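Trainee: The structure is given below, and queries will be raised subsequently.
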Amino acid sequence: MRSTSHGQALTLASDQNVQAASTFLKARALFPNVTAKSLRAVSEIVGSRFYVPPSMLAKILREADPVATVGTGAVRFEGFSACCSAYIRLDLDNSALETEARSKGTTNVDFGPELRGALSTVSRDTEMEISIGSNSVEVVTDGTAYIEKKVPLPLRWVKGFAEVQVAMARMRPAFSLPKIGAQRFLRGLPRGKNDQRIWVAANGPMVRVTAREARGAVPLPGCHRLRVFEPLVTLADSLDVQHNPATGATSWALNFGTQRLWLVLNAEPWRGFSGDGGLLSRMASSVDTGMAAVAAQLNWQDSIEPAAISNTTGLSIESVDLALAKLAAGGRLGFDLKQQTYFHRDLPFDMSKTEGLNPRLKSAKKLVDAGAVRWTDDVAEVSSDDVIHKVAPDEASWRCTCPWFAKNGNQRGPCKHILAAEMELDRQND
């Protein structure tokens, strides 16, 4: 942050591989107190660990950097908690900014203690400017400059960024609370760390919290993860809640009108989104989806319309949807719950490494290559580790007789045997 004639200016580093210009956003925040508090919330989640194996803690915390995206209609800051069980994103609409210069690009930025301290001084009357530059994060306050350097984006975050978009794409609205109801709900949550699962349902303008599942209620394990909203809830118009019934993931969004702060929580605080496997079936498919043709249509859109891409490319809607899912798996798309559509952003990361981040997919390919899958009518027998597991249809999905499936079901994506059966079926149908 540096001193300007208007007040404080925030400069964020960009990825030169995405955008060569030294600056691709320069704008003044029209609601600086909301923007600053929301950015601090992003940094708090990124710096939090709700569950981390001790041997991984130091490395993960060194790799905790949010990602900033400048699109055509919104500026977004997104990131994960250190354990990848909580995803947070701040969306700034164009109406939240007075823009002087703008192009398009994505970067991962360092939210160090100096930057968080500078953001804590911003008030409603502060003149706050936001610029996204090409080399570093510079903070200047009271004549003292602070420069923050970029570090590589964590590999496990790439999986998390992909998986959380799938979880969000399958969410449905649960309920919405007005400001007073949201304040009472957040202030009434248990203090301290609490991993116990509770259930939350709307009760008029208020909520009903129970220890057991109830009709219309959404699960909330690890409710302490919502504490990051407390300093902001008095500024919000509403708290909007969505739920993915298949995985148990929930989305909690503070709506400020011109900007929104999303917090997406996995079903368990100890389980990161990076291990959910919701994209594995689509990634394993060998069907020609015309992915290259769909990728050619991406141009930093804030709202991607499958029907429009279908008309332009001549691909079916089903092929476009599958191609978009694979592009999301590569970190190229995010999902906007408000618009119920994908948006384009390229993560600052070598995407050729993503396949190696999915051990179940690699194991399934080995089973297929070894001829371990045999289909008979609607049942596949998969020979793995001297045991034959059976894969059979289960309503809209599959079931398997392996211990992994018995423990997780379909909540964390398909097991390697189901993946292998799907891959072999694709091969036979080619």
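Trainee: Give me the net charge for the shell around Trp300: Cβ to Cβ below 12 angstrom, other residues only, Lys and Arg +1, Asp and Glu -1. It would help to have the intermediate numbers written out before the result.
Mentor: Details: positive: Arg76, Arg102, Lys104, Arg332, Arg345; negative: Asp302, Asp346.
Result for the local shell: +3.
Trainee: Shifting gears a bit: Give the carbon-plus-sulfur fraction of the accessible surface of the range 81-130 in %, rounded to a whole number; probe 1.4 Å, heavy atoms of protein chains only.
Mentor: Values: 710 of 1710 Å².
Roughly 41 percent, rounded to a whole number.
Trainee: What is the extension gain from Asn194 to Asp93, computed as 0.36 nm multiplied by their sequence separation minus the C-alpha to C-alpha distance, in nm to one decimal?
Mentor: Values: separation 101, 0.36 × 101 = 36.36 nm, distance 3.42 nm.
Length gained between Asn194 and Asp93: 32.9 nm.
Trainee: Tell me the carbon and sulfur percent of the accessible area for the range 356-430, rounded to whole percent, probe radius 1.4 Å.
Mentor: 46
Trainee: Evaluate 2.2 N^0.38 Å with N set to the residue count of the range 291-415, then give the Cα radius of gyration divided by it.
Mentor: On the way: Rg = 18.0 Å, N = 125, 2.2 N^0.38 = 13.8 Å.
It is 1.31.
Trainee: Further question on the same structure: Heavy atoms only, probe 1.4 angstrom, no DNA, RNA or ligands counted: give me Met168, Met206 ranked by accessible area, highest first. Walk me through the numbers on the way to the answer.
Mentor: Details: Met168 0, Met206 55 Å².
Largest accessible area first, the list is Met206, Met168.
Trainee: Right, another one. Which ³J(HN,Hα) values, rounded to whole Hz and listed in residue order, are derived for the range 243-255 from phi using the Karplus coefficients 6.51, -1.76 and 1.60 in 6.51 cos²θ - 1.76 cosθ + 1.60 with θ = phi - 60°, glycine and proline given as x?
Mentor: 9, 9, x, 6, 10, x, 6, 10, 10, 10, 10, 8, 9
Trainee: Number of Lys-Lys pairs in the range 294-430 under 13 Å by Cα, sequence gap 8 or more or different chains?
Mentor: Working: Lys353/Lys362; Lys362/Lys416; Lys365/Lys416; Lys366/Lys416; Lys390/Lys416.
The number of close lysine pairs in the range 294-430 is 5.
The values are calculated or read from the model by the stated rules, or taken from the named source; none is laboratory data. Given the structure is predicted, the values throughout are model-derived calculations rather than measurements. All Cβ positions, glycine included, derive from the backbone under ideal geometry; neighbour counts span all protein chains shown. Side chains are part of the model used for accessible areas, which takes the heavy atoms of the whole protein and leaves out ligands, DNA and RNA. Shrake-Rupley method; radii C 1.70, N 1.55, O 1.52, S 1.80 Å.
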